[in-house]
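**Q** What follows is a single structure, and I will ask about it in a moment.
Please treat every number below as a calculation from the coordinates, not as lab data. No experiment lies behind these values; they were computed from the predicted model shown. For neighbour counting, all protein chains shown are included, and Cβ atoms are generated from backbone atoms with ideal geometry for every residue, glycine included.
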Amino acid sequence: MAMAQHFSALQTCCHAEAGKEELEANLAGKCCKSSSDSACEAVFSNESHQYAAKPPDFAKSEEYYIHPSFEDHDTMSGHDEACSHPSHHRSTSDLPAERISSKLTDLTGIDITDSSLMRGISLRKTLRQGGSLWLCDPSALTKPQRLKLYTASRQTSRYDKFLSHTWHTSGGWKLLALMMHTGWHAFLISWVLGVAVAFALVLLDVLPQTTVWEAHAVGFDGTIPYGFWVSTVSVPTAIGGLLLYPYLPHRSSDMCFLDYVCVDQTDTARMQQGIRSIGAFLASSKELRVLWSAPYLKRLWCVFELAAFRKLNPQGQIIISPLLSEATVYLMFLWVQLASAAFLAVRTGPNGGDPLRFLMLLVGSFLLLFPTLFHAGRTKHRADKLLQAQLSSFDVTKVECSSEFDKQSIHEAIISWYGSLDAFSNHIRGPFRLEVTELLRTQGSLSPQYIYIATLPIFCLSLEGLLALSKAGAPWQSILGFFLAHVLGLDVLWLPAVANFGAYMTKRGLRVCGRRMMPYSLEFTIVFVLSSILFVAGGFCTVIVSAQSLTTVLVWVLVALVFAFGCWKFCWRV
């Protein structure tokens with residue numbers, strides 16, 4: 001969450017403590033003018049917390065308040081429309097330092113005076129309706145829409161996840177990342193179901209074989225009927241399973257805190273109480289999940305959440321989730337699917353065994369895949385370097401916050417926890433940076449489930465061949481040998497290991513005399529070519545051995561197993 005929109009004006013207008021009369025006098029002249037006295041009185045009234053019928057224009061009013069998560073939009077905390085125009089606002093930066101200090105909001109507490117303030121929402125629920133909750137512009141929501149969002153949450157006593165993010169990053173990337181992170185198992189299960197359905201429909205002659213394929217298996221050679229039904233059925237089924245996942249029943253709890261949904265946006269008093277309770281929300285969370293993007297460590301409220309969670313919830317787990325990881329998986333899946341479709345088009349038909357067509361496929365795939373994967377790899381490489389650079393040079397005094405009031409409140413909280421701002425900066429540059437580095441190492445270069453998802457289209461190719469052999473009545477030795485060589489040896493063992501090797505080398509880099517090779521374009525080209533050679537070599541070995549004996553096939557499976565073991569053992573943690 002990006003606890004970021006400023007509540008300085010809200011604090012000024014809604015404070016009912018000593019000095020209230022002085023604030024009323026100051027604001028009456030600047031905010032309300034003589035003709036709006038009644039409106040200002042309504043702001044200070046304990047019985048009136050309603051917004052004006054029409055909220056101020058967000059683009060024109062620095063004080064339009066949605067939630068602290070919108071510091072990223074450089075807005076100020078809001079209150080009634082009568083006090084909304086920036087030209088009528090007296091910023092806390094204009095007040096004497098001692099007055100600001102006396103009015104600072106205490107963000108260090110972990111006790112909640114009103115249990116109804118602690119509300120959460122199921123993470124799955126935030127992903128429904130096409131992820132509209134993540135795709136909407138919170139600053140453009142009307143009061144009824146904000147109320148509808150708030151009622152989507154419910155009272156809770158704990159959180160499984162506290163989502164920490166910045167609204168400087170598009171919600172679409174967060175939606176894609178969370179969909180894959182939470183729904184990958186539904187994707188895989190749906191794919192398996194799709195494969196089973198395709199096999200059943202073809203074997204029962206419900207779906208016809210549409211072309212022919214030159215098959216070479218143990219004790220079997222010939223041109224046999226062939227179809228595209230495994231890919232046609234399983235891939236859409238897998239995507240459908242991912243989209244339906246948020247609606248499926250579940251037993252595990254996924255209660256999360258999401259800024260503008262779980263804090264009341266329609267009642268200024270409750271909104272302020274919710275802001276004061278952020279420490280309690282963090283202390284009640286099992287996990288702080290950081291949806292990391294480049295602007296994250298530049299936002300003071302995001303930094304505050306890191307500081308608060310580590311001190312108020314020392315047993316809690318911090319998970320750093322770079323948004324580009326899941327984006328890379330989507331991209332890999334797309335391009336592998338396109339390459340697999342091209343392979344089917346070249347490999348099947350009367351001229352499917354023509355070597356020239358196969359060579360053209362390899363060259364075409366290289367020309368298409370290389371620029372896209374290079375761009376993705378370079379973007380990921382820059383993001384990883386930026387994260388390390390931001391951590392190693394972190395200085396809390398230079399982190400952006402467009403409200404001086406918010407800034408001082410957060411600084412006071414950090415000082416109370418860490419002793420000084422310098423001590424906190426040293427903590428981020430030292431122990432916390434090492435913690436993040438080790439965390440990213442344990443997560444590996446790319447999660448195994450993501451690698452297998454990216455290579456599913458290749459599984460489809462092998463299963464298409466297996467189905468064609470079964471339908472053609474090939475001997476069981478032929479079917480078993482094909483399964484062991486193609487599905488087990490190539491798809492399960494060899495290719496995922498090659499993908500892991502490529503991801504590892506892209507992230508770690510090639511070292512020459514102890515230093516990383518530069519420029520990155522040369523390094524990536526070498527890694528890409530080397531990975532491509534391993535990829536093609538595995539494919540050729542599979543085709544050759546699958547036409548030999550079962551003994552030869554078992555030797556190939558053993559070689560693939562040793563190769564996979566080495567790659568996963570030595571080329572996973574960076």
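**Q** Along Cα→Cβ, 7 Å out, is where each label goes; now give me the distance between the ones at Val562 and Arg508 in nm to one decimal.
**A** Label at Val562, label at Arg508, 2.0 nm between them.
**Q** Whole-Hz Karplus ³J(HN,Hα) for region 421-433, in order, using 6.51 cos²θ - 1.76 cosθ + 1.60 and θ = phi - 60°, x for Gly and Pro?
**A** After applying 6.51 cos²θ - 1.76 cosθ + 1.60, I find 5, 5, 5, 5, 4, 5, 5, 5, 5, x, x, 5, 4 Hz.
**Q** Assuming R0 = 25 Å, can you tell me the calculated FRET efficiency for the pair Leu439 and Glu400, based on Cβ-Cβ distance, to the nearest 0.05?
**A** 0.50
**Q** Further question on the same structure: Under unit Cβ charges (Lys, Arg +1; Asp, Glu -1), what dipole magnitude, rounded to 20 debye, does region 475-574 have relative to its Cα centre?
**A** 560 debye
**Q** Here is a follow-up. If you add up the charges near Gly316, with Lys and Arg at +1 and Asp and Glu at -1, over every other residue whose beta carbon is less than 9 angstrom from its beta carbon, what do you get?
**A** Around Gly316, the charge tally is +1.
**Q** Here's another thing I want to ask about it. I need the P(r) histogram for region 163-283: all alpha carbon pairs, bin width 10 Å from 0 out to the longest distance, whole percents.
**A** 11, 24, 23, 16, 12, 8, 5, 1
**Q** Which residue, Leu522, Ala560, Leu480, has the largest displacement toward the positive end of the dipole of region 475-574 when charges sit on each Cβ (Lys, Arg +1; Asp, Glu -1)?
**A** Farthest along the dipole direction, towards plus: Leu522.
**Q** Under 20 Å from a label point 7 Å along Cα→Cβ of Phe540: give me every residue in region 557-571 with its amide N that close.
**A** Counting only backbone N, you get 557-561, 563-564.
**Q** Okay, next question. Just list whichever of Lys398/Lys569; Lys161/Lys385; Lys298/Lys380 have alpha carbons separated by over 29 Å in the model shown.
**A** Long pairs (Cα-Cα over 29 Å): Lys398/Lys569.
**Q** Ratio to report: Rg/Rh of region 404-466, with Cα atoms as the point set and Rh obtained by the Kirkwood method; give two decimals.
**A** That ratio equals 1.45.
**Q** Write down the Å³ per residue value for the convex hull defined by the alpha carbon atoms of region 475-574.
**A** 86 Å³
**Q** While we're on this one: Sorting check: for 191-204, 288-301, 137-150, which peptide has the highest mean count of neighbouring beta carbons within 10 Å, and how do the rest follow?
**A** 288-301, 191-204, 137-150
**Q** Would you grab the residues whose amide H sits under 5 Å from the one on Leu258? Only those 5+ places off in sequence or on another chain, please, with H modelled 1.01 Å from N.
**A** Ile121
**Q** Here is a further query. Using a cut-off of 12 Å between beta-carbons, work out the net charge of the residues near Arg154 (Lys and Arg +1, Asp and Glu -1, Arg154 not included).
**A** Result for the neighbourhood of Arg154: +2.
**Q** If you keep only loop residues by DSSP, which GluC sites (Glu not before Pro) in region 368-448 have at most 11 other Cβ atoms within 10 Å of their Cβ?
**A** none
**Q** Follow-up question, since we're still on this one. In whole Hz and in residue order, list the ³J(HN,Hα) couplings for region 305-321 that follow from phi through the Karplus curve 6.51 cos²θ - 1.76 cosθ + 1.60, θ = phi - 60°; x for Gly and Pro.
**A** Whole-Hz 3J(HN,Hα) from phi for region 305-321: 4, 4, 5, 5, 5, 5, 8, 7, 9, x, 8, x, 9, 9, 10, 9, 10.
**Q** Using Cβ contacts closer than 10 Å as the measure, can you line up Met332, Met518 from fewest to most?
**A** Lowest to highest Cβ neighbour count: Met518, Met332.
**Q** Please list, in chain and number order, the residues 5+ apart from Tyr159 or on another chain whose amide H is under 5 Å from its amide H, with Hs placed from the backbone.
**A** Result for Tyr159 returns Ser285, Lys286.
**Q** Further, regarding this structure: From the C-alpha gyration tensor of region 139-214, pull out the three semi-axes of the equivalent ellipsoid (sqrt of 5λ each), sorted largest to smallest, in whole Å.
**A** 44, 16, 15
**Q** Under a no-solvent Debye model with one identical scatterer per Cα of region 265-345, what's log10 I(q)/I(0) at q = 0.14 Å⁻¹?
**A** Relative scattering, expressed as log10 I(q)/I(0), comes to -0.65.
**Q** Right, next: Tally Lys and Arg at +1 and Asp and Glu at -1 over the other residues with C-beta under 15 Å from the C-beta of Thr525: what net charge comes out?
**A** Result for the neighbourhood of Thr525: +1.
**Q** Now for a separate question. Pulled fully out, how much extra length does the chain show between Ala196 and His216, if you take 0.36 nm times their separation in residues and subtract their Cα-Cα distance?
**A** This chain segment gains 4.8 nm when fully extended.
**Q** Apply 1/(1 + (r/R0)^6) to the Cβ-Cβ distance of Arg154 and Ile189, taking R0 = 22 Å, and write down the FRET efficiency to the nearest 0.05.
**A** 0.20
**Q** While we're on this one: Residue by residue through region 173-179, which ³J(HN,Hα) values in whole Hz follow from phi under the Karplus form 6.51 cos²θ - 1.76 cosθ + 1.60 (θ = phi - 60°), with glycine and proline marked x?
**A** Taking θ as phi minus 60°, the curve returns 5, 5, 4, 4, 5, 5, 4 Hz for region 173-179.
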